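What follows is calculated from the coordinates using simple rules that are stated; it is not laboratory data. A quick note: this is a predicted structure, and the numbers were derived from the prediction, not measured. Here the Cβ is made from the backbone with ideal geometry for all residues, glycine too, and neighbour counts use every protein chain on show.
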Amino acid sequence: MLSSAPVLAQKAPATRAVQTQPAASAPAAPVAAVQPGFPAPPDIAARGYLLVDITAGNQVLAAKDMDAPMEPASLTKLMTAYIVFDALKSHKITLDQTFGVSTKAWKMPGSRMFIDPKMQVRVEDLVKGMIVQSGNDATMALAEGLAGSEEAFVQKMNDTAKALGMTHTGYRNPEGLTADGHITTARDMAILSTRLMSDFPEYVGYYATKEYAYPGTPASNGTNRNTLLFRDPTVDGLKTGHTDAAGYNLIATAKRPFPNLPEGRRLLAIVFGTASENARANETQKLLNWGYTAFEGIQLFGADQAAVKARIWKGDQREVGLGRHQAITVAVPAGKAQQLTTQVERPDPLVAPVAKDQAVGTLKVMLEGQPINTVQLLALEAVPQAGFFGRLWDSLRMWFGSLF
């Protein structure tokens, strides 16, 4: 889970063996450099916020009250989208399929797509109406069309939140209008946002859509509420929210080129309870810009590169590489890359069989002796058991130790 020591959830196995080594270094990005050793974030005029470096394994760069209960408003629609995208990916529905519009959906207050009960609307248009126009009518039509009723869909929302580890979120509706118990936290929104992007890369492009209006409905209603899409070309999502009780909320993600990171660097900023539409854009932009300048991204190990070669017993080979299939990157205050160290913790003895992608340990990244990130390490290849005599020989060696 996202924690004050910065990382989204990772479970590490019980460990014994510890291996410490200097971290790989890279040229520092310009800009000088408090988690100890971290620069102080700028003043952000919001009830709460969270800044996460997604490229660095969801490392937290700055936070204020990230576990305080907040009203999500239309940030709720991220969970509705998650469930809809899951249904699309599993072929339960298609983008070309049409849903009817109930009287309940038609009469939804607040932001609207302007659909009515005479219409049969394509799922893709409803998705665009929900994301770009923040349409409560489109959102309700999707919920009812997918689950049969609002109540059944809300149950699915809460079940999904629990499965994702969103332990402080409760949903009461699919669109985000104020309701007792309809709450979340910045930490939970980070979990949902990162999973939405990683689980459904084929659909998250809708969040970068700047203009959309359903044919026959007011074109003046067709501009995405996320004004950062128009201000910052590196921003490509995600969602705004506003009610009188919640204030103005925004979850924004940006991807910018960065030295020594071939795929660029993606940050996620979550801001709750700002004073106005302009303020939420300004404060979120401030947080993103600070994250890109105050921290540099350092790639410690490439994709499929072993962070360590671990001795394995009773296997048909003596070692197995532990790493990730994606590059292992860490965010570090600018100019402090040379002060990084890493520590690998893993089971000892490590005994075959080991499956490919089995979690076998953790890589702890430390700055000036303080942990700043933890990455779960996977076996990069399978190691089957050795034959009978190989297992017997290793059993003897493990039993008698140095005698062999």
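Quick notes on this one:
- Taking only the Cα atoms of the range 206-285, the radius of gyration and Dmax are 14.2, 49 Å.
- Spatially, the range 198-249 and the range 112-191 are offset by 15 Å when compared through their Cα centroids.
- Charge dipole of the chain about the Cα centre (unit charges at C-beta), most positive-ward option of Ile93, Thr55, Val320: Val320
- Top positive-direction residue, dipole computed over the chain with Cβ charges, set Ala355, Gly129, Ala190: Ala355
- Gyration tensor verdict on the range 43-114 (Cα atoms; rounded if a/c is under 1.5, prolate if a/b is larger than b/c, oblate otherwise): oblate
- Applying 1/(1 + (r/R0)^6) with r as the Cβ-Cβ distance of Asn289 and Thr341 and R0 = 25 angstrom yields a FRET efficiency of 0.30.
- Placing +1 on the Cβ of every Lys and Arg and -1 on the Cβ of every Asp and Glu, with no other charges, gives the chain a dipole of roughly 640 debye about its Cα centre.
- Sum of -39500 (n - 2.57) over DSSP H runs of 4+, divided by residues of the chain (222 nm, nearest 500): -7500 deg cm²/dmol
- Trypsin sites (Lys or Arg not before Pro) lying in DSSP loop within the range 197-248, provided at most 14 other Cβ fall within 10 Å: Lys210
- When the inverse distances between all different Cα atoms of the chain are averaged and flipped, the Kirkwood radius reads 22.9 angstrom.
- Förster radius 25 Å - calculated FRET efficiency between His325 and Glu124 (Cβ-Cβ, nearest 0.05): 0.20
- In this label model, Ser198 and Ser220 are separated by 4.4 nm, measuring between points 7 Å along each Cα→Cβ vector.
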